[in-house]
Number of protein chains: 4
Amino acid sequence: MREESRDRIVAAALELFARRGFAATSVRMTAERAGVAQGLLYNYFESKDALLQAIFDRSMADVRESFEVAESDADPSARLERLVRAALEIVDRNREFWRLSYQIRMQPEVLASLGEDVVGWAEATRAHLESLLRDAGAAQHYVLDPENYPVDDVCREIVARFTPAGGGNGGRPT
Amino acid sequence: MREESRDRIVAAALELFARRGFAATSVRMTAERAGVAQGLLYNYFESKDALLQAIFDRSMADVRESFEVAESDADPSARLERLVRAALEIVDRNREFWRLSYQIRMQPEVLASLGEDVVGWAEATRAHLESLLRDAGAAQHYVLDPENYPVDDVCREIVARFTPAGGGNGGRPT
Amino acid sequence: MREESRDRIVAAALELFARRGFAATSVRMTAERAGVAQGLLYNYFESKDALLQAIFDRSMADVRESFEVAESDADPSARLERLVRAALEIVDRNREFWRLSYQIRMQPEVLASLGEDVVGWAEATRAHLESLLRDAGAAQHYVLDPENYPVDDVCREIVARFTPAGGGNGGRPT
Amino acid sequence: MREESRDRIVAAALELFARRGFAATSVRMTAERAGVAQGLLYNYFESKDALLQAIFDRSMADVRESFEVAESDADPSARLERLVRAALEIVDRNREFWRLSYQIRMQPEVLASLGEDVVGWAEATRAHLESLLRDAGAAQHYVLDPENYPVDDVCREIVARFTPAGGGNGGRPT
DNA sequence: AATGAATGAGCCTTCATTCAT
DNA sequence: GATGAATGAAGGCTCATTCAT
């Protein structure tokens, strides 16, 4: 039950930070959304900053794990498709997180206040993800408007492009 | 004279809003950076929100104008290249603004508080810009790390792609 | 067992209240120092204020008792010396308490919130103690820096002063 | 007028800190007593701690100056009396301050948070003052209950004691 | 007897904003 | 046009206190 309160706080914070921005979201508001008293937040997190860091920690672990599972696929012929699907799923499952992530990547000071690992990780994952999803435009587009995104088309096309005999416009800059 | 103070405030605000986020930037800080008393800000802008709106107005006008000039080129053979170069220049000249713009596009509530026109404009320009620069990945990449961006290569390639006989993968999703 | 927890709480509270002040000491801190959960404190005391009152009760009883023992000495020739030694011992044994007591005597509002008895007692004891220890300066000095206090000299001198044939400056204002 | 607000804040703070204790006095309460908005306090002082330090600075300067004036008296025969009267006046004029000072001297942590100079000064002045006023008991008594303090008797007696031919109980420990 | 998660009032501080100068 | 003292609401955080376990 201890974990439940903590999780609800993290979930509420992620949602609000993502949609309103970290600085514009008050702790009071976050606690309210999580359905707990505001003081409780400080039983689990040392500060509002620490809560932000915790969100990154959790999502980073989730992403890392998803990729590892996908990459461990033994069958080479299915591997690419699984990776691409995993990438889309990762974006999908953590949509709020990416939204938050995009904001913070634009703010050098805030970014620096998070641990070193976040900075490196954010860059690495973005590269990883985008090399699969073709480009940040796709990812960003998908984050903002998932309904109208042609997931299957994109998926099929990506696979096609990376499969021998496909060729075409290969060496595009990212 | 009047305009000089106003401009310095707008410039300071843009820089700070972009690098630290709108909510995390205080009016005091902005006035300090602009080298004026904090009260003066309210001679020119009704509120902090109005200042943000003013930044959008100014940058929107700048972008619009740049495009118009480029598109008015009479010579068809040079037109595409000029447009592409204009797009890169626009991003370059307003780098802080794009940084800010990306943050705010992620925040539905903030976005809505700006005028309707901003919402539509932001979307339209992004599409316009990105259809030229290929994708937001490129634009975003360029915003964050302009030093290492292969401007000329990209430019050449884009022109190539849109020039007859290029063809190929045209209908890519954005 | 019951008493042990209670005593540890009182001891911890006395130490912290004395060295950091009552208001600046948190219940959490006190419980931590006592090595118990913070909730337990409310099994023994109705409130933080009641804990303060309890400290006074305990120390007041201790002081009272010490004096009674000393004053009950039958042998007139030894009586004075024993009283003086008792006074010094009382100060010594309850050093933290005096420290706390001095602080609170300066704060009319806090003092009033304690029971009526405390106010009267504090004044009476101080007078009693100081008439023996010569003055609050001595007592206060001794509280703050017991190492360098010439206990024996003071003791001897006091006895001398109050012993017939000493006389001299008797009716000094306190 | 800037100075007036500042002074009113300092005066209100001194009074409240002295009578209720530093930690138990809220900034809101202080501002209210001073008749200003609570935010204004931070135009003049960086923090509540800084305000406490400012109080010490001001009173320390006042005390120092009073002593200097008294000590500069050329006439040797009047000098002692003037010094003693000055000491009493100093205590009188800064009664709230001494009250506060006594409290804080009992709290090692708070004391340490004030500048080094305060620690040394407090000790030196106390010694200085008390060697004149005979002892902290007198001073403390006078602080708490000035109405009933036999100022003139004490003054006369002190002078007598330090004047040649007086002698008597000279080498008392302080 | 004992724990510590949970509460919400209140703390110190910062903020956007106003207005006399 | 420009200043900065002044305001009071709101922010992040800590606190004394309660209560289910």
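Say we look at the range D:28-56 and pick out the residues that are within 17 Å of C:ALA24 (Cβ to Cβ) and not hydrophobic (A, V, I, L, M, F, W, C); which of these is surrounded by the most Cβ atoms within 10 Å (Cβ to Cβ)? Across the range D:28-56, the extreme among qualifying residues is D:THR30.
When residues in the range D:100-145 are screened for being farther than 18 Å from D:ALA13 by Cβ, outside any helix (DSSP H, G or I) and modelled with pLDDT of 75 or more, 1 of them pass. Restricting attention to the range C:1-46, the residues that are within 8 Å of DNA strand E (Cβ to nearest atom), β-branched (Val, Ile, Thr) and part of a helix (DSSP H, G or I) total 0. Under the condition of being within 9 Å of chain B (Cβ to nearest Cβ) and hydrophobic (A, V, I, L, M, F, W, C), the residues counted in the range A:17-41 number 4. Among the residues of the range A:47-59, the one identified as in a helix (DSSP H, G or I) and over 19 Å from the mean Cα position of the chain (by Cα) is A:LYS48.
Of the set (1) away from DNA strand E (no atom under 16 Å from the Cβ); (2) in contact (Cβ under 8 Å) with a residue 12 or more places away in the chain, all apply to A:ALA54 but (1).
All of A:SER72, A:SER59, A:SER113, A:SER77 fail the test of being within 24 Å of A:VAL27 (Cβ to Cβ) and surrounded by fewer than 14 Cβ atoms within 10 Å (Cβ to Cβ), apart from A:SER113. The set of residues in the range A:1-33 that are under 30 Å from A:PRO108 (Cβ atoms) and more than 21 Å from the chain's Cα centre (by Cα) comprises A:SER26, A:VAL27, A:ARG28, A:MET29, A:ALA31, A:ARG33.
So, C:ASP153, is that one within 11 Å of another protein chain (Cβ to nearest Cβ) and at pLDDT below 75 or not? Spelling it out, C:ASP153 is indeed within 11 Å of another protein chain (Cβ to nearest Cβ) and at pLDDT below 75.
Assess whether B:ASP7 counts as being within 16 Å of DNA strand F (Cβ to nearest atom) and among the acidic types (Asp, Glu). When the stated conditions are applied, B:ASP7 passes them.
What tally of residues in the range B:65-100 results from selecting those that are within 16 Å of the chain's Cα centre (by Cα) and in contact (Cβ under 8 Å) with a residue 40 or more places away in the chain? Residues that pass the stated criteria total 14.
Applying the set (1) modelled with pLDDT under 85; (2) more than 9 Å from every other protein chain (Cβ to nearest Cβ); (3) in a helix (DSSP H, G or I) to A:GLY171 leaves exactly one unmet item: (3).
The values are calculated or read from the model by the stated rules, or taken from the named source; none is laboratory data. Keep in mind it's a predicted model, so treat the numbers as computed, not measured. All Cβ positions, glycine included, derive from the backbone under ideal geometry; neighbour counts span all protein chains shown.
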